[in-house]
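Everything on this sheet refers to the single structure shown next.
The values are calculated or read from the model by the stated rules, or taken from the named source; none is laboratory data. This structure is a prediction, so every number in the text was calculated from the model and none was measured. Every residue, glycine among them, receives a Cβ derived from its backbone with ideal geometry; neighbour counts consider all protein chains shown. When the accessible area is computed, the model is the full protein with side chains, heavy atoms only, and any ligands, DNA or RNA have been set aside. Shrake-Rupley method; radii C 1.70, N 1.55, O 1.52, S 1.80 Å.
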Amino acid sequence: MTTTSITHDLAATALAALERIGASVPTAGDGPTLHARSPLTGQNLLELPAASVADVDSAVRAAHRAFLTWRSVPAPVRGGLVKRLGQLLTDHKADLAELITIEAGKITSEALGEVQEMIDICDLAVGLSRQIGGRTMPSERPGHRLMETWHPLGVVGVISAFNFPAAVWSWNTAVALVCGDPVVWKPSEMTPLVSIASAALLDRAIADSDAPRDLHRLVLGARDVGEALVQHRHVALVSATGSERMGAQVGPLVAARNGRYLLELGGNNAAVVAPTADLDLAVRGIVFAAVGTAGQRCTTMRRLIVHEDIVDDVVARLATAYRGLPVGDPRAEGTLVGPLINAASRDRMRAALERAVDDGGTVVVGGETVEVPAAPGAVYVSPALVRMPHQSALVTEETFAPILYVMTYRTLDEAIEIHNGVPQGLSSSIFTRDQREAERFLSEAGSDCGIVNVNIGTSGAEIGGAFGGEKSTGGGRESGSDAWRAYMRRATNTVNYSDELPLAQGVNFA
Ligand code: NAD
């Protein structure tokens, strides 16, 4: 394990990146404030003004006024705005990635990957702007046409988590804009600078495209700001990404006003490793999924269900890989594991490891604090590999830190039962060369997740597919495929082009 020291002045680096992007940083006044902080050092970087409930109200009202114009702009023209956003993201890829590293702690390659994902979703949304369409169905009545049309929905309220501080916003925003919807964004209170930068790029794209200025509004703040957004009657869709706890609070509030919501919540993702698996490939896939982003992805692999005949071999290989993981400054060449977001995360990780031991588990490797001398306020840990005798209550919870619990199975039925025996249903995978096993895992009687992979890990989804999960993960779908439908309203139309008025179902009303 290696560490590097952190010597840069992060506030100056962040401000320089913001300046290159063209973002102006608001100064805190007498009202509520928010601190931009970096997990690289644990230091506060800047003090920023937070929105009040009244600010949220005026942002939503302004976005709603923009909606009344934007909804009638042809979708392919709306796509032009998103195309411009994609160009600006391409121009400032390195700047935005640098801010993601500073505020979320991602290694440079993963931060660049996050911005690439934003560019990719812009491409997808531009194509979508010429493809949004409904179906025509045969009418039972002669001289009638039965069809559906899709219309813009209204203001989309986006609430996002710290671990994908920009990409989740772009999945929602690129698609919402081509669908004819403005966005009001409440980002994580832990990543305000990334959101200021992202919003500045969109503001520039809006100005360059002569689109309504209030198509996008940023409201910085914590939970109270999110709650005000969620409850606003002009927010037609609340798209909220975060913990299961947050989803359990947001869902009922939106439901109480019969609003629409799309929830992307916590995961507790697992892989099954079958006896025929290519273990070299499996170990590489497992390590990336379990320790990438320091175990702080919603799709992080947290459980490994290994056939009992190969478990010792798999654990030995993983332990060797874990011992060689470079932990430290995520900007340094070669680092694979950056910091945890804060000390509370480390405390939850420690408590989980203690509970695992109480439940009969053994920590094979990791779980220690890694000291980085120049960053005493930061939290660096070595990812933990833990063997568990069974799937205890602890293992069924998402601990948002790099802990991989290893359990064993004898039959595929047993593996699937363990796999599905948790409240969450986001991502899953099986490593096998047996096609029957792979197909079984993919089938209705296999994994119960929204993402089901074969011979790759649980994380690192592409934007072309719909992204999201079942059960307590919330059931929402974002990004590709037909996820755009959540951002529009459907109208069913029956058009009579005959001289008669036949009624459906043969009803006679004469
Ligand atoms: P979090 O739930 O603490 O916060 C997420 C966002 O919700 C923040 O902006 C926060 O201010 C806001 N929020 C919290 N309570 C709220 C409330 N009552 N009303 C309105 N807004 C509220 O999550 P986090 O720690 O930032 O992120 C980690 C969690 O997010 C993990 O559980 C992870 O699995 C999940 N996540 C899920 C996905 C997905 O697509 N399924 C993607 C990324 C992260």
Margin query: Suppose the chain between VAL77 and ALA256 were pulled fully straight at 0.36 nm per residue; how much longer would it get relative to their current alpha carbon spacing?
Written below: 60.9 nm
Notebook entry, point to check: Cα centroid distance between region 426-477 and region 357-391, in Å?
Noted result: 27
Notebook entry, point to check: How much length is gained if the chain between THR69 and VAL507 is pulled fully straight, taking 0.36 nm per residue apart and subtracting their Cα-Cα distance, in nm to one decimal?
Noted result: 153.5 nm
Item checked: Taking only Cα atoms of region 269-454, radius of gyration then Dmax in Å -> 16.0, 53
Next item on the list: May I ask for the net charge around ALA200, where only other residues with Cβ less than 12 Å from the Cβ of ALA200 are counted and Lys, Arg are +1 while Asp, Glu are -1?
Entry: -1
Check: With the contact rule set at Cα under 8 Å and sequence spacing of 6 or more, what percent relative contact order holds for the chain?
Finding: 19
Checklist line | the chain, helix-only ellipticity at 222 nm - DSSP H runs n ≥ 4, -39,500 (n - 2.57), divided by all residues, nearest 500 | finding: -12000 deg cm²/dmol
Next item on the list: Take the Cβ-Cβ distance between GLU500 and GLU368 as r, set R0 to 60 Å, and report the resulting FRET efficiency rounded to the nearest 0.05.
Entry: 0.15
Notebook entry, point to check: Expressed as an acute angle from 0 to 90° and rounded to the nearest 10, what is the orientation of the C-alpha long axis of helix 167-179 relative to the principal long axis of the chain?
Noted result: 10
Margin query: How much length would be gained if the chain were fully extended between ASN455 and LEU281, taking 0.36 nm per residue of separation minus their Cα-Cα distance, in nm to one decimal?
Written below: 61.9 nm
Next item on the list: Could you state the angle between the C-alpha long axis of helix 93-104 and the longest principal axis of the C-alpha atoms of the chain, as a value from 0 to 90 degrees rounded to the nearest 10?
Entry: 60
Check: Counting Lys +1, Arg +1, Asp -1, Glu -1, what net charge surrounds THR399 among other residues with beta carbon under 14 Å of its beta carbon?
Finding: +2
Note to self: Can you divide the C-alpha Rg of the chain by 2.2 N^0.38 Å and report the result to two decimal places?
What the structure shows: 1.03
Checklist line | Degrees between helix 244-256 axis and first principal axis of the chain (Cα, 0 to 90, nearest 10) | finding: 20
Margin query: For the chain, what does the accessible surface come to per residue with a 1.4 Å probe? Please give it in Å².
Written below: 40
Note to self: Around ARG223, under 10 Å between beta carbons, what's the net of Lys plus Arg minus Asp minus Glu among the other residues?
What the structure shows: -2
Check: If all Cα-Cα distances of region 116-218 are sorted into 5 Å bins from 0 onward, what percent lands in each bin, rounded to whole numbers?
Finding: 2, 12, 19, 22, 16, 9, 6, 5, 4, 3, 2, 1
